[in-house]
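Structure first, then comments.
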Amino acid sequence: MKYSLSKSEQQTLIANVQQDAYPDERGRFGPFGGRYVPETLVPALNRLQVGVDKYLHDPEFLREFHDELHNWVGRATPLTFARTLSEKWGAEVWLKREDLAHTGAHKINNSIGQVLLAKKLGAKRVIAETGAGQHGVASAAACARLGMPCTVYMGSVDMERQAPNVGRMKLLGATVVPVTSGDKTLRAAVDEALRDWVSDPNGTYYCLGSAIGPHPYPYIVRELQSVIGREARVQILERTGKLPDLVVACVGGGSNAIGMFHPFVKDKDVQMLGLEAGGIGAGLGQNAASIAYGTPGVLQGCFSLLLQDENGQIQETHSVSAGLDYPGVGPEHALLASIERVKYEAVNDDDALAALAECCAAEGILPAIESSHALAGAKRYALANPGKRILIALSGRGDKDMPTLQRTLLKDVL
Amino acid sequence: MPARDSISTAIRNRRATGQPALIAYITAGFPKKEGFIQQLNAVGAVADVVEVGVPFTDPMADGTTIQRSSRAALEQGVSLRWILQELTRAEVKPQAPLLLMSYLNPLLAYGIGKLPEDAARAGIAGFIVPDLPFEESHELRNALDARGLALVQFVTPVTPTERMQMLTAGSGGFIYAVTMTGTTGKNVAVPEEVLQYFERVKKISPVPVCAGFGIRSREQVQRLAPFIDGAIVGSALVEVLERGEDPAKFLRSLRE
Ligand SMILES: Cc1ncc(COP(=O)(O)O)c(C=O)c1O
């Protein structure tokens, strides 16, 4: 990655990460993060910060949150031992089954938590952006559950490739607004959601779907998603008596990954691997791997690693998976990469699709194309490092991907 | 006189004639890259201050008009580097002070180290950065300050009074008072509570108060006139340029 730190800066950051000192009071994860928004949103973010301080660790809020997670989302999600993959890869492979969470992905953990927070803060409506549609569906469902009007912004390109999710959002009572500006995918949807929020910063709650954006969003999303890693850590200890050698997750904005990684950060012997969308190659515009190929900059509220040209213009990205098709990454991942606590690599479209097919056949599980990037990365690691215990965040199920799978894996079948 | 003072001086001089100053926004290189300097001069002949917009791929504070003009400029290869080169090279430039309006990332990519010097050489008096709130602005502010350039802050109808004091005191050139919560380009009605808001800003601000976002007509300017030192016209002017009409004529129509 292209962000250089001196040895002593790196030592300080490592020590701070060990002490869980981030984000600091300015919303920084070391050099990354912050709050780069139009002035209109500053009071709204200040109010959100007050709400976060008051509620996010309040016992009553947590009781309601965990009650919804257990009785409505269906948590704890299982930890499945992947017998056949283990055999084929020469490893011990464990799958944390976020695909079995209500609405089919980890996104629901964040949505139900944030919509609960929105209610406490007295918001009149909730808006959300979505790429794969999973965060849109999760937010629509959470809003229906808690009685909040919901508007979801979705790029027109994504509406086509994730069509099943558009209908689900509408059935769940959300208004889906197609976004035809910019790149017509997730980034444009975030821009449009921000424009909506700027228009009504007092009455509207913006339920951001990944560990990105202005402070305190990366923190809120991490706290709400950390249930994934906390459960998985307990489960794998119960089942094997040991911690994993490697924890793996796919990284779009980085919400499932930070939720999985954060509870393991202090476990010095646990290595971590994040997989970004390698698309069809390493060139600008051919992938969505912001850590592997990006440079530092500011997009949509935070300083992090971005895919941009030499003039600071954000590049269009490519990935077969809508949920990873984003030119930036959450600031905490930029930090974890810069201190090399987590290793980040790219997985290309074809390898992700092959891993999806392999997981279907071997384990009877259809993973999301996003999650399949994690499977492919885990396989690559397993083949190079035999006999390791590997814990994989299976962030979602692939039902939503049928239009893409019809065009790709199923093209020649039938 | 440091370049930044030329901005407030130009606004106050116009105000002294009994009229609010006119601050005109154009997207550099829109509609055509070739006509940039000529257009700048046409606009600068009428306006008291000109904002030169640096196009960005993700203009989150802007409505559809400036999204469209930014995209068109980018497609022709307009960049901050090109804008500064053209301005430095231009033989004739407006008397009116020039500001660069840019989202933060193009400035970071250019390099905060060399930006103030290059901008000053190009005749730029200050900067407006819509996604850089005061709390994050120290590095850029200090760099610009050292070269005598202004960094303009925003206030909005939802800015609490205490914060408004901090922002107006910290603003260079003028304070950009947004007429409404929302993006650029919508037509604003200017209801009574908006006038009260401007009255509040005017009372607090040590620098000239300029109203922007959604200003399109002489009627709006007149209604705001008692409360402001300047009116900022962006999307409406960009639409005039888009239709191939005379920008000077349009700007004069706001003043008559
Ligand atoms: C199943 C699934 N996994 C992963 C992601 C990527 O998001 P993140 O990196 O925030 O986990 C998405 C996003 O839509 C998703 O739907």
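Got a sec? Which of B:L22, B:L74 is touching a residue at least 24 places away in the same chain (Cβ under 8 Å) and of a type in the set (A, V, I, L, M, F, W, C)? Reasoning before the result, please.
Values: B:L74 fails: touching a residue at least 24 places away in the same chain (Cβ under 8 Å).
Just one listed residue meets the conditions, B:L22.
If I filter segment A:71-80 for residues that are out of contact with any His (no Cβ under 6 Å at 6 or more places or on another chain), more than 16 Å from the ligand (Cβ to nearest atom) and in a helix (DSSP H, G or I), do I get at least one hit?
Checking segment A:71-80: at least one residue is out of contact with any His (no Cβ under 6 Å at 6 or more places or on another chain), more than 16 Å from the ligand (Cβ to nearest atom) and in a helix (DSSP H, G or I).
Please specify each residue of segment A:294-324 satisfying the condition of being away from chain B (no Cβ under 14 Å) and buried (at least 23 other Cβ atoms within 10 Å of the Cβ).
Keep residues of segment A:294-324 that are away from chain B (no Cβ under 14 Å), which gives A:318-324.
Matches in segment A:294-324: A:S319, A:V320, A:S321, A:A322, A:G323, A:L324.
Looking only at segment A:117-139, filter to residues that are more than 14 Å from the ligand (Cβ to nearest atom) and open to solvent by less than 10 Å² (accessible area, probe 1.4 Å); which one of those is nearest to A:V320 (Cα to Cα)? Before the answer, list the steps.
Kept after step one, since they are more than 14 Å from the ligand (Cβ to nearest atom), are these residues of segment A:117-139: A:117-127.
Okay, now just the ones that are also open to solvent by less than 10 Å² (accessible area, probe 1.4 Å), so A:117-118, A:126-127.
Details: A:L117: 33, A:A118: 33, A:V126: 29, A:I127: 26 Å.
Checking each candidate, the answer is A:I127.
Step by step: first the residues of segment B:154-176, then only those that are more than 10 Å from chain A (Cβ to nearest Cβ) and hydroxyl-bearing (S, T, Y), then the one that is surrounded by the most Cβ atoms within 10 Å (Cβ to Cβ). Which residue is that?
Here the answer is B:S171.
Taking the conditions exactly as written (under 24 Å from B:A122 (Cα atoms), within 14 Å of chain A (Cβ to nearest Cβ) and either touching a residue at least 40 places away in the same chain (Cβ under 8 Å) or under 16 Å from the mean Cα position of the chain (by Cα) (or both)), does B:P55 satisfy them or not?
Details: under 24 Å from B:A122 (Cα atoms): yes; within 14 Å of chain A (Cβ to nearest Cβ): yes; either touching a residue at least 40 places away in the same chain (Cβ under 8 Å) or under 16 Å from the mean Cα position of the chain (by Cα) (or both): yes.
When the stated conditions are applied, B:P55 passes them.
If you check B:G214 against the conditions, is it open to solvent by less than 30 Å² (accessible area, probe 1.4 Å) and either in contact (Cβ under 8 Å) with a residue 24 or more places away in the chain or more than 14 Å from chain A (Cβ to nearest Cβ) (or both)?
Working: open to solvent by less than 30 Å² (accessible area, probe 1.4 Å): yes; either in contact (Cβ under 8 Å) with a residue 24 or more places away in the chain or more than 14 Å from chain A (Cβ to nearest Cβ) (or both): yes.
The answer is yes for B:G214.
Being touching a His at 6+ places or on another chain (Cβ under 8 Å), open to solvent by less than 10 Å² (accessible area, probe 1.4 Å), touching a residue at least 12 places away in the same chain (Cβ under 8 Å) and not assigned by TED's automatic domain parsing to the domain that holds A:A211 narrows it down to one of A:A249, A:A288, A:A232, so name that one.
Of the residues listed, the single one that is touching a His at 6+ places or on another chain (Cβ under 8 Å), open to solvent by less than 10 Å² (accessible area, probe 1.4 Å), touching a residue at least 12 places away in the same chain (Cβ under 8 Å) and not assigned by TED's automatic domain parsing to the domain that holds A:A211 is A:A288.
Quick check on my filter: what residues within segment B:32-46 are farther than 18 Å from B:I7 by Cβ and not in a helix (DSSP H, G or I)?
The answer is B:K32, and nothing else.
Within segment A:349-365, track down each residue that is open to solvent by less than 60 Å² (accessible area, probe 1.4 Å) and touching a strand residue (DSSP E or B) at 6+ places or on another chain (Cβ under 9 Å).
A:D349, A:A352, A:A355, A:L356, A:C359, A:C360, A:E363, A:I365
Considering only segment A:366-403, state which residues are away from the ligand (no atom under 11 Å from the Cβ), open to solvent by 10 Å² or more (accessible area, probe 1.4 Å) and not in a helix (DSSP H, G or I). Quick ask: steps written out before the conclusion?
Of all residues in segment A:366-403, those away from the ligand (no atom under 11 Å from the Cβ) come to A:366, A:375-392, A:402-403.
Subset that is open to solvent by 10 Å² or more (accessible area, probe 1.4 Å): A:366, A:376, A:379-381, A:383-389, A:402-403.
A:L366, A:N385, A:P386, A:G387, A:K388, A:R389, listed by residue number.
Please pick out the residue among B:N105, B:N142 that is at the interface with chain A (Cβ under 8 Å from one of its Cβ atoms) and within 30 Å of B:Q165 (Cβ to Cβ).
Details: B:N142 fails: at the interface with chain A (Cβ under 8 Å from one of its Cβ atoms).
So the residue among B:N105, B:N142 that is at the interface with chain A (Cβ under 8 Å from one of its Cβ atoms) and within 30 Å of B:Q165 (Cβ to Cβ) is B:N105.
If A:P296 meets every condition in (1) at pLDDT 95 or above; (2) within 30 Å of A:T84 (Cα to Cα) apart from one, which number is that one?
(2)
Pick from A:L45, A:L13, A:L100: which is surrounded by 14 or more Cβ atoms within 10 Å (Cβ to Cβ), in contact (Cβ under 8 Å) with a residue 24 or more places away in the chain, within 16 Å of the ligand (Cβ to nearest atom) and under 24 Å from the mean Cα position of the chain (by Cα)?
Details: A:L45 fails: within 16 Å of the ligand (Cβ to nearest atom); A:L13 fails: within 16 Å of the ligand (Cβ to nearest atom).
Every option except A:L100 fails the conditions.
Working only within segment A:308-328, note down all residues that are within 26 Å of A:L405 (Cβ to Cβ) and within 16 Å of the ligand (Cβ to nearest atom).
Filtering segment A:308-328 down to residues within 26 Å of A:L405 (Cβ to Cβ) leaves A:316-327.
Once the filter is applied, which keeps residues that are within 26 Å of A:L405 (Cβ to Cβ) and within 16 Å of the ligand (Cβ to nearest atom), segment A:308-328 yields A:T317, A:H318, A:S319, A:V320, A:S321, A:A322, A:G323, A:L324, A:D325, A:Y326, A:P327.
How about segment A:173-187: which of its residues are closer than 14 Å to A:A128 by Cβ and either open to solvent by less than 30 Å² (accessible area, probe 1.4 Å) or within 16 Å of the ligand (Cβ to nearest atom) (or both)?
Of all residues in segment A:173-187, those closer than 14 Å to A:A128 by Cβ come to A:173-177, A:179, A:186.
Within segment A:173-187, A:A174, A:V176, A:V179, A:L186 qualify.
Taking helices (runs of 4 or more DSSP H) that fall entirely within segment A:211-302, which contain at least 2 residues that are in contact with a Pro (Cβ under 9 Å, 6 or more places away or on another chain) and away from the ligand (no atom under 14 Å from the Cβ)? Reasoning before the result, please.
Details: elements: A:217-225, A:227-240, A:255-261, A:290-293.
Counting at least 2 such residues, we get A:227-240.
Looking at B:L84, B:L74, B:L100, B:L22, which is the one that is outside any helix (DSSP H, G or I) and within 14 Å of chain A (Cβ to nearest Cβ)? Show your work before the answer.
Details: B:L84 fails: outside any helix (DSSP H, G or I); B:L74 fails: outside any helix (DSSP H, G or I); B:L22 fails: within 14 Å of chain A (Cβ to nearest Cβ).
Just a single option satisfies the conditions, and that option is B:L100.
Conditions tested, residue by residue: (1) among the charged types (D, E, K, R); (2) modelled with pLDDT under 95; (3) within 30 Å of A:G241 (Cα to Cα).
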{"position": "A:E358", "(1), (2), (3)": "yes, no, yes"}
{"position": "A:I369", "(1), (2), (3)": "no, no, no"}
{"position": "A:A374", "(1), (2), (3)": "no, no, yes"}
{"position": "A:Y381", "(1), (2), (3)": "no, no, yes"}
{"position": "A:P386", "(1), (2), (3)": "no, no, yes"}
{"position": "A:R389", "(1), (2), (3)": "yes, no, yes"}
{"position": "A:G396", "(1), (2), (3)": "no, no, yes"}
{"position": "A:R407", "(1), (2), (3)": "yes, yes, no"}
{"position": "A:D412", "(1), (2), (3)": "yes, yes, no"}
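Check segment B:177-197 and report whether any residue there is open to solvent by 30 Å² or more (accessible area, probe 1.4 Å) and under 17 Å from B:R12 (Cβ atoms).
No, segment B:177-197 contains no residue that is open to solvent by 30 Å² or more (accessible area, probe 1.4 Å) and under 17 Å from B:R12 (Cβ atoms).
Failed condition for B:T159, given (1) touching a residue at least 24 places away in the same chain (Cβ under 8 Å); (2) touching a helix residue (DSSP H, G or I) at 6+ places or on another chain (Cβ under 8 Å), with all others met?
(1)
Please indicate, with yes or no, whether at least one residue in segment A:158-166 is touching a strand residue (DSSP E or B) at 6+ places or on another chain (Cβ under 8 Å), among the basic types (K, R), modelled with pLDDT under 95 and open to solvent by less than 50 Å² (accessible area, probe 1.4 Å).
There is no residue in segment A:158-166 that is touching a strand residue (DSSP E or B) at 6+ places or on another chain (Cβ under 8 Å), among the basic types (K, R), modelled with pLDDT under 95 and open to solvent by less than 50 Å² (accessible area, probe 1.4 Å).
The values are calculated or read from the model by the stated rules, or taken from the named source; none is laboratory data. This is a predicted model, so every value here is computed, not measured. Here the Cβ is made from the backbone with ideal geometry for all residues, glycine too, and neighbour counts use every protein chain on show. All accessible areas refer to the heavy atoms of the entire protein, side chains included, with ligands and DNA or RNA removed. Shrake-Rupley method; radii C 1.70, N 1.55, O 1.52, S 1.80 Å.
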